[in-house]
Structures are given as structure tokens and as C-alpha cells.
1. For a bin width of 10 Å, list the pair-distance distribution of the stretch 161-224 built from all Cα-Cα distances, rounded to whole %.
2. Treat every Asp and Glu Cβ in the stretch 116-224 as -1 and every Lys and Arg Cβ as +1, leave all other atoms uncharged, and give the resulting dipole magnitude about the Cα centre to the nearest 20 debye.
3. Report the extension gain between Ser120 and Leu224 in nm, rounded to one decimal, defined as 0.36 nm multiplied by the number of residues separating them, less their alpha carbon distance.
4. Assuming 0.36 nm per residue, please report the length gained on full extension of the stretch Lys42 to His158 beyond their Cα-Cα distance.
5. Can you tell me the length gained on complete extension of the stretch Asp201 to Ala171, counting 0.36 nm per residue apart and subtracting the Cα distance?
6. Once you put a point 7 Å from the Cα of Gln148 and another 7 Å from the Cα of Ser13, both along the Cβ direction, what distance in nm separates them?
7. Loop-only check: which GluC sites (Glu not before Pro) in the stretch 129-196 are DSSP coil with at most 13 other Cβ within 10 angstrom?
8. Roughly how many Å is it from the Cα centre of the stretch 177-224 to that of the stretch 124-161, as a whole number?
Amino acid sequence: MGWTMTLDNDQRSIVQRILAKYLDGQALDQAVELWRYQYSKKPLQELNYFVFEIANSSELRSSRKQIVHDLQHGLEHDIQQNLNDEQTHKSTQAFESKAIRSSIDVALNQVEVVNVAHHSAFDALFQQLLQSLKGQNELMVVLQEHLQDSQITPQYQHAFIHYVQTGESLAEQFYLKDVLSQVINTLYTVMCDYFGPMKSDRYMAQAVAQIDRQYPAVMIKQYL
């Protein structure tokens with residue numbers, strides 16, 4: 001049996017209180033909102049993935065295991081208070097806590113491998129779409145205008161423009177599903193400006209098909 005993270009104000013307060021030991025300001029608010037919308041209803045074992053996304057600075061990477069442990073302990077304690085059979089739960093909780101702790105190292109390593117493939121897949125897709133736009137007049141101006149018209153926050157707009165201009169790697173926190181979907185949609189819209197919908201659809205389909213062959217586990221079509 002795997003405990004599930006269910007969304008309520010008490011659990012949100014628990015997550016915020018625990019993360020406040022490691023994050024503050026906007027970083028803390030964004031982390032709590034990420035948990036609320038993407039992880040609050042998922043099994044506790046997926047705390048590893050949540051912590052991997054938010055603890056992306058050099059000073060926090062070494063604290064990932066402790067953050068996972070703190071969140072797990074806090075959320076499990078909240079669940080305990082709502083169980084009718086306290087004695088039965090204590091036995092179950094002891095067993096599951098031991099199993100989850102023993103899997104943390106393995107899970108974090110797996111997340112590293114998965115994220116490397118995930119990031120590489122989207123980098124390859126971006127490069128293919130940008131290659132189709134190479135040489136178009138005032139491309140950076142048009143791209144910047146469409147990014148500003150999108151729902152992408154300014155920090156991600158600037159990060160992507162910098163990526164296009166310099167080729168430098170995007171930060172780990174850029175690879176959120178909503179951000180990636182919006183960037184792909186923006187690139188498609190830019191392509192439509194230059195080539196029209198039919199030709200743009202063909203360019204997009206060719207690029208996605210190639211990425212699917214190279215990185216089938218990423219399932220890139222879910223982002224379109």
C-alpha cells in the first residue's frame with residue numbers, strides 16, 4: 001500500500017513549513033505551488049521527483065535526501081492522524097518508511113537518468129524547429145514578440161531567447177511541462193508566420209517523429 005498525497009490546507013502548510021528551512025521568497029512560493037498542482041495527489045514515493053525539480057542549485061543538491069526525508073515524515077504524520085486503527089497503521093508505516101528510505105538513492109539516480117534523456121529530447125526538438133527557421137528575416141524580433149504574447153513568465157522568455165542566441169544549456173527548472181508546451185506552441189506560431197500552417201505542420205510532424213524515434217520514453221507528443 002502506498003500513501004497518497006491528498007491536497008488540503010493542512011498538508012500545504014506542512015509542505016510550506018518544511019521547505020521554508022531550505023527555500024525562501026519566490027523560490028519557496030513556486031515550490032509550494034508546484035507541489036500543489038503536480039504532486040499533491042501523487043504517491044509519496046514521487047517526492048523524489050518533486051525534490052529533484054526544486055533542489056536544483058549547487059547548495060541544495062547535497063540536501064535532496066534530507067528534504068525528501070523531512071517531507072515524507074511530515075506528510076506521513078499528517079496521514080497518521082486520520083487513520084482509525086492506530087496500532088495497525090504504526091506497523092504498516094514502519095514497514096513502508098523503511099522501504100521508501102532504502103529506495104531514495106536508487107530513485108534519485110533514476111530521476112537523474114530520466115531527466116538527462118528528457119532534456120536532451122527537448123533540446124533536439126528545439127534545435128530542429130529553430131533550424132527550419134534559420135535565416136528568416138528578423139527572426140529574433142518575431143520570436144520575442146510571440147513569447148511576450150504567450151503565457152510564459154518573463155524569466156522563461158529571457159532564458160529561451162538567451163538559449164537561442166548563445167546555444168547555452170537551459171536551466172533544469174525550465175523543463176516543466178507547461179513551459180515546454182508553451183515554448184513548442186510559440187515556435188509553431190512563429191513558423192506559421194513564415195511558412196503558413198500546412199508547411200509548418202509538416203516541419204513539426206517531421207521533427208516530432210524523429211525525436212520519438214530517438215527518445216521513445218519521453219513521449220513528446222503529450223507536450224503538443
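1. Pairs per bin, as whole percents: 19, 45, 35, 1.
2. Using only the charged Cβ atoms, the result is roughly 360 debye.
3. Gain on extension, Ser120 to Leu224, equals 35.7 nm.
4. On the way: separation 116, 0.36 × 116 = 41.76 nm, distance 3.16 nm.
Answer, rounded to one decimal: 38.6 nm.
5. Answer, rounded to one decimal: 8.0 nm.
6. 4.4
7. Details: sites: Glu138, Glu145, Glu168, Glu172; in loops: Glu138, Glu168.
Those that pass, being in a loop and sparsely packed, are Glu138, Glu168.
8. 13
We did not get these values from a lab; they are worked out from the coordinates using the rules stated. It should be emphasised that the depicted structure is a prediction, and the values quoted were computed from it without experimental measurement. Heads up, the Cβs are rebuilt from the backbone with ideal geometry, glycines too, and the neighbour counts pull from every protein chain shown.
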